[in-house]
Every structure is written in structure tokens, then in C-alpha cells.
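Undergrad: Sending over a structure as C-alpha cells; questions will come in a sec.
No value in this document is a laboratory result; all are computed from the given coordinates. As the structure is a computational prediction, the values presented were derived from the model and not from experiment. Here the Cβ is made from the backbone with ideal geometry for all residues, glycine too, and neighbour counts use every protein chain on show.
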Amino acid sequence: MSAPTKNVMVASCACGSVALEASGAPIASVVCYCNDCQKGSSQIEALPNARPVRDSDGGTAYIVYRKDRIKCAKGARLLKGYKIRENSVTNRVVAACCNSAMFLSFDDAKHWVDVYSLRVKGDIPPVQMRVCAKFKPDPGHVPSDAPVYSGYPLKLLAKLVAAKIAMQLHR
Ligand SMILES: [Zn+2]
Ligand SMILES: [Zn+2]
């Protein structure tokens, strides 16, 4: 008999047909202001019945999980990926039932998945860093809840590398 799974995060689309489940602690909780995230989020916001994907200041909030710790628990057939450029490796995956932005995945070997924080049920981990702030539409107004970085900070890259090592060691 297996023990109940601890520390499970559930993210679901607005209508409830699609659910993601992630286990264990996330790698990071970030808000990104880069041009690609702004473009990708606005592309999804333009779909019929879509809800806001960005925060009011133009940032998109993500909870970053290891790829091997997240699964689609419900409604996988409804997932649909969008790319902002034809040759991009990044897929912004939407629940087609209600056009909710669910997560970002990558066609290359990246070992993580970015779940849109707005879709996470229950307690959302507090924002740890605000990244790529140099692309922010209104640079004068950055929330002061977390450190702000103009690009991708070493701290985030270090967390991603540590997660990859742990994953390779099957921890
Ligand atoms: Zn839905
Ligand atoms: Zn970004």
C-alpha cells in the first residue's frame, strides 16, 4: 500500500476538464517579463473566451517543476500547444476546452515545465524572483514582493542546474 502523496500541486483549467498534478517542491516561482512571454501570453489572451494570462503589470507568473514530476491527470486530449514562431522550441500549452493557459513545455532537452501560476489551485508558492524586467512595459512600477532582475539571474540558472543533477541521480 502506498502512502498518500504529499506535497501535490494541482492546476486545472477554468472549466475543470483538464488537470495537471505535480509532486514535490517546485524548482522556482517566478514572474517573467520577457518579450516572448508577453507575446505568448497575449496570443493566448486573444483566443475566444480566454482569461487574462498576464498580471496587470505585464508579467506572466510561473511555477517551475521538474518534467519528471508533473503529469496530466485529466483531459490530456484537450491540450493544445501554441508557438509564437514556427521554429520555436517552446510550446505554450492551452486547455482547448476553455482556452486556459496551462504550461510551457519545450521540444528540446530542457528538463523543466513552467506551469502558469494562475491555474494553480490552493496556496500558490510566493514569487521568488521577477526576471527579464528590462522588457517590462512600464519599467517604473515593479512590485516589491521579490528581487527584480533585468535578465535571467544566476540564481535561477543554479536552481535549474541543481534540479537537473538531482533528476539524473534519480532523487
Ligand atoms: Zn477547460
Ligand atoms: Zn519569459
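Undergrad: For the stretch 1-112, just say rounded, prolate or oblate: build the C-alpha gyration tensor, square-root its eigenvalues into a ≥ b ≥ c, call rounded for a/c under 1.5, and beyond that prolate if a/b exceeds b/c, oblate if not.
TA: The shape class here is prolate.
Undergrad: Using per-residue counts of other Cβ atoms within 10 Å, averaged over each peptide, order 93-100, 42-49 from highest down.
TA: For the peptides 93-100, 42-49, the packing ranking is 93-100, 42-49.
Undergrad: Kindly write out, for the stretch 98-112 in residue order, the coupling ³J(HN,Hα) from the Karplus curve 6.51 cos²θ - 1.76 cosθ + 1.60 (θ = phi - 60°), rounded to whole Hz, with x marking Gly and Pro.
TA: 9, 6, 8, 6, 9, 7, 10, 10, 10, 6, 8, 7, 3, 9, 10
Undergrad: May I pose another question? Which entries in LYS83/LYS110; LYS80/LYS136; LYS39/LYS136 show an alpha-carbon gap greater than 22 Å?
TA: Violating the 22 Å Cα-Cα cut-off are LYS80/LYS136.
Undergrad: Length gain on complete extension for the stretch LYS134 to SER42, per 0.36 nm per residue less the alpha carbon to alpha carbon distance?
TA: The LYS134-SER42 span can extend by a further 31.3 nm.
Undergrad: Figure the gain on full extension for LYS80 and LEU160 (residue separation times 0.36 nm, minus the Cα-Cα span) and round it to one decimal in nm.
TA: 26.2 nm
Undergrad: Give me the aspartates and glutamates in straight-line cross-link reach of LYS159: C-alpha distance below 14 Å, same-chain residues under 8 apart excluded.
TA: Correct list for LYS159: ASP114.
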